1. Do the conditions hold for residue 254, that is, is it part of a helix (DSSP H, G or I), surrounded by fewer than 20 Cβ atoms within 10 Å (Cβ to Cβ) and in contact with a helix residue (DSSP H, G or I) (Cβ under 7 Å, 6 or more places away or on another chain)?
2. Tell me whether the range 351-358 contains one or more residues that are in a loop (DSSP other than H, G, I, E, B) and either in the same structural domain as residue 175 (by TED's automatic domain parsing) or within 16 Å of the ligand (Cβ to nearest atom) (or both).
3. Could you count how many residues in the range 78-106 are surrounded by fewer than 19 Cβ atoms within 10 Å (Cβ to Cβ) and out of contact with any helix residue (DSSP H, G or I) (no Cβ under 7 Å at 6 or more places or on another chain)?
4. So, in the range 204-226, of the ones that are away from the ligand (no atom under 13 Å from the Cβ) and under 22 Å from residue 294 (Cα atoms), which residue ends up farthest from the chain's Cα centre (by Cα)?
5. What single numbered condition from (1) touching a residue at least 40 places away in the same chain (Cβ under 8 Å); (2) closer than 22 Å to residue 158 by Cβ; (3) more than 16 Å from the ligand (Cβ to nearest atom) fails to hold for residue 53?
6. Filter the range 65-77 for residues that are away from the ligand (no atom under 11 Å from the Cβ) and assigned to a loop (DSSP other than H, G, I, E, B); which is surrounded by the fewest Cβ atoms within 10 Å (Cβ to Cβ)?
7. Does the range 107-122 include one or more residues that are within 11 Å of the ligand (Cβ to nearest atom) and touching a residue at least 60 places away in the same chain (Cβ under 8 Å)?
8. Looking only at the range 123-150, filter to residues that are within 16 Å of the ligand (Cβ to nearest atom) and assigned to a loop (DSSP other than H, G, I, E, B); which one of those is nearest to residue 190 (Cα to Cα)?
Ligand SMILES: *Cc1c(COP(=O)(O)O)cnc(C)c1O
């Protein structure tokens, strides 16, 4: 498989050579915990499934290729990937983190690792604040999400990676919202890219999983050691499901975006909507950076409904095509109330500063027919 193929081809073929024994065009599910050895220590590269599994290897080859990285590790959830990366930080070193990251990441850094590592949350769209944080804290790593969740703020990966190199901090980018179809942080200087496979990459809301990609053999070895020692490795069956789901990633992302642009425009004109946040709209504060850094604007939209909790509750109870649920990135449209649902674990003061108020609604626009999506929104509003 040539490395210079287009990504629409890669999603279908990477990690997918036909089985040399049977010719099976689809990968086998190696649903096994262990592997027979010819004599002690003489095996075919596989000893135990917590350490390695052939189905998982195929998925990791595929995902590494999609992010233009050399290595990939997949785990049982996005959070377990994030946990392994935090576990790799030497004692006493600090963390610099974006102030508008996934609620679970904020909770992990504050409430689980808070006693072990000091985390400083900063606005990563502000390069001066980034440099100040790097200079003062000398952190081991900078944790970046762009676009952020749920405010969809965009940070300049290339410029931040240069600053990180200057101050010898690792740059980790959570690329869940864009997927490798629309944004490739390794090409912009990131050291590690993280994904919740649960979202766009699997895309069918039937797997929870995580992946991390890197070019450094040293970082890969360190994280594999932790994965093998701690044990959150992705299961063979879930690896297989993601290998199946990822084949349509390119066409799905394009369909998500096409619908999201129409939804953003529709909501912008609606009398019951106060404000729409979507990087593809010209009035988005980071629209030009989004256009430069990403090759698409994605399927996530946040908007403020006119009114307060009562109005957003009413809207969320009336939607029919959109389902009220946490998560995002599946083929079906989902709506979420960040303040009560996904971001409830973010401290109230921080939520207020960020703008996560009671009238904020987040949409994961699915790939259903756009007319059904728009009439559902219109009806509920
Ligand atoms: C969902 C999500 C995670 C966590 O992944 P899980 O698979 O739910 O553990 C991390 N980052 C982002 C941006 C997410 O949306």
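The values are calculated or read from the model by the stated rules, or taken from the named source; none is laboratory data. Everything numeric here is computed off the predicted structure, so don't read it as measured data. With ideal geometry, Cβ positions are generated from the backbone for all residues, glycine too; neighbour counts draw on all protein chains shown.
1. Values: part of a helix (DSSP H, G or I): yes; surrounded by fewer than 20 Cβ atoms within 10 Å (Cβ to Cβ): yes; in contact with a helix residue (DSSP H, G or I) (Cβ under 7 Å, 6 or more places away or on another chain): no.
Criteria not met by residue 254.
2. Let us first name the residues in the range 351-358 that are in a loop (DSSP other than H, G, I, E, B), namely 355-358.
Remaining after also requiring either in the same structural domain as residue 175 (by TED's automatic domain parsing) or within 16 Å of the ligand (Cβ to nearest atom) (or both): 356.
Looking through the range 351-358, at least one residue is in a loop (DSSP other than H, G, I, E, B) and either in the same structural domain as residue 175 (by TED's automatic domain parsing) or within 16 Å of the ligand (Cβ to nearest atom) (or both).
3. Summing the residues that are surrounded by fewer than 19 Cβ atoms within 10 Å (Cβ to Cβ) and out of contact with any helix residue (DSSP H, G or I) (no Cβ under 7 Å at 6 or more places or on another chain) in the range 78-106 gives 5.
4. The initial filter retains those residues of the range 204-226 that are away from the ligand (no atom under 13 Å from the Cβ), namely 204, 213-226.
So of that shortlist, the ones also under 22 Å from residue 294 (Cα atoms) come out as 213-215.
Values: 213: 12, 214: 15, 215: 18 Å.
The extreme case among them is 215.
5. Every listed condition holds for residue 53 apart from (2).
6. 70
7. First, pick out the residues of the range 107-122 that are within 11 Å of the ligand (Cβ to nearest atom): 107-108.
With touching a residue at least 60 places away in the same chain (Cβ under 8 Å) added as a condition, the list becomes 107.
Yes: the range 107-122 contains one or more residues that are within 11 Å of the ligand (Cβ to nearest atom) and touching a residue at least 60 places away in the same chain (Cβ under 8 Å).
8. Step one: list which residues in the range 123-150 are within 16 Å of the ligand (Cβ to nearest atom), which gives 124, 141-150.
Okay, now just the ones that are also assigned to a loop (DSSP other than H, G, I, E, B), so 124, 146-150.
Values: 124: 14, 146: 12, 147: 15, 148: 16, 149: 19, 150: 22 Å.
Residue satisfying both the conditions and the ranking: 146.
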